[in-house]
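Inspection log for the structure reproduced underneath, given as structure tokens.
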Amino acid sequence: LRTEPPFSQWRYVTFDDLEVVGVAKRQPMDILALADNLVIDEVQKVPEFLSYVKIAVDTDPSRRFILSGSSHLLLMKSVSESLAGRATYYVLLPFTLQELKRDLSQEPGWLSEPEKKQACPFKETLQRLLLKGFLPPVYLLTGRDEPFRWWQGYVSTYLERDLRDIAQINYLPDFRRLMVLLSHRTGQILQISSLARDLGLPQTTLSRYIHLLEVSGLLIRLPSFTRNRAKRLLKSPKVYFLDPGLSAYLMGYSREEELSLKEYSYLFENLVFLNLYHWAQVLRGKLYYFRTYGGREKEVDFVLEVKNRVYGIEVKYKDTVDVSDAETLRFFRDVTPGFKKGFVFYKGNDVIPLGRDILALPWWYL
């Protein structure tokens, strides 16, 4: 926003500057008078300022503002109410695999041409990428232990500064314990009562903490897909941290050899989630998971719905797959109107047919 046109020509202000924050609180119109077009960073630090932005836009609709922040502004009540009908929102995610391949297509190749051969473009191992993460500053690090130290500073800054910008937390160690516990349950059903019991916290407090993680943009709830002919469907959401590198750090791991196969499978699923979550936004679709309950449960890790077309996606942290790995996708295909294709993303190198409208694809096809 500071260096790329056209915004590099706009006046830039950040509420990281305490002096600027003081002016924004005492004399907000002085900030608005700086220029017709303004970039205001870390706007969540002074939420009351947004009511003055609203007045400015209503008074002169030709004025333009870029409001950025380290929180999910749409989930902040003060923001969504102040700017209702006046703002367009963009969520900036960590790097996706397609971005890292320098492919700027507006549709994923695995949907349009899934059988087109692709060589793996990544020099680092999958395990290294999962441990490091995909936020731009950490992805670009090259030292073996640098990512762990970076995440250490990131979480400390979040707890000690960013979190305090949006809420009052009585005891930060409890909040951090929740983050650690959720990292070990990434991709699992969110069970508030179980988490509250394990942490020794009231359910109301726990629900508030989880909401704060969502507002901060660190945690995302994945809803259940319920529009098909299967009976007895689970409806509670699953939860994922936004970046597998954050999950790995909270689990306490800094080197590839420290993780078990099970833990790598959690992080691999987290990586697939990040990329599918990105595509759901780009394609204006919706992302879900699917799970039945009550004897012989069937679960599909992800369901992507785009323009009434439904895609089922399974994740397998293994080098080879066969038709048995697509069993739940075949069930899902047969009970879901609008089913288009099913995919199994795995660690191997080949595109493998696993049944009618179902393919296994290497992970870097994402």
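Residues checked against (1) among the small types (Gly, Ala, Ser); (2) assigned to a helix (DSSP H, G or I); (3) more than 27 Å from residue 265 (Cα to Cα):
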| site | (1), (2), (3) |
| --- | --- |
| 144 | no, no, no |
| 153 | yes, yes, no |
| 179 | no, yes, no |
| 197 | no, yes, no |
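For residue 144, the stated conditions hold: it is surrounded by fewer than 16 Cβ atoms within 10 Å (Cβ to Cβ) and in contact (Cβ under 8 Å) with a residue 24 or more places away in the chain.
Every condition in (1) more than 22 Å from residue 98 (Cβ to Cβ); (2) of a type outside the set (Ser, Thr, Tyr); (3) touching a Pro at 6+ places or on another chain (Cβ under 8 Å); (4) at pLDDT 95 or above is met by residue 237 except one, and the failing one is (4). When residues in the range 163-174 are screened for being surrounded by 12 or more Cβ atoms within 10 Å (Cβ to Cβ) and either in a loop (DSSP other than H, G, I, E, B) or in contact (Cβ under 8 Å) with a residue 40 or more places away in the chain (or both), 5 of them pass. Highlighted here are the helices (runs of 4 or more DSSP H) found entirely within the range 1-62 that include at least 3 residues which are within 19 Å of residue 90 (Cα to Cα): 50-59. When 128, 102, 86 are checked against the criterion of being surrounded by fewer than 17 Cβ atoms within 10 Å (Cβ to Cβ), part of a loop (DSSP other than H, G, I, E, B) and touching an Asp or Glu at 6+ places or on another chain (Cβ under 9 Å), a single residue qualifies: 86.
Got a sec? Which of 215, 239 is in contact with a helix residue (DSSP H, G or I) (Cβ under 6 Å, 6 or more places away or on another chain) and under 25 Å from residue 287 (Cα atoms)?
Numbers: 239 fails: in contact with a helix residue (DSSP H, G or I) (Cβ under 6 Å, 6 or more places away or on another chain).
It is 215.
Residues being over 21 Å from the mean Cα position of the chain (by Cα) and either free of Cβ contacts under 8 Å to residues at least 40 places away in the same chain or in the same structural domain as residue 265 (by TED's automatic domain parsing) (or both) are entirely absent from the range 175-186.
Within this structure, residue 213 passes the test of being among the aliphatic types (A, V, I, L, M) and free of Cβ contacts under 8 Å to residues at least 60 places away in the same chain.
Residues in the range 105-124 that are under 17 Å from residue 350 (Cα atoms), in contact (Cβ under 8 Å) with a residue 12 or more places away in the chain and surrounded by fewer than 20 Cβ atoms within 10 Å (Cβ to Cβ): 109, 111, 114, 115, 117, 118, 120, 121, 122.
The values are calculated or read from the model by the stated rules, or taken from the named source; none is laboratory data. Every value quoted in this text rests on a predicted model; they were computed, and no experiment measured them. In this analysis, Cβ positions are derived from the backbone assuming ideal geometry, glycine residues included, and neighbour counts consider all displayed protein chains.
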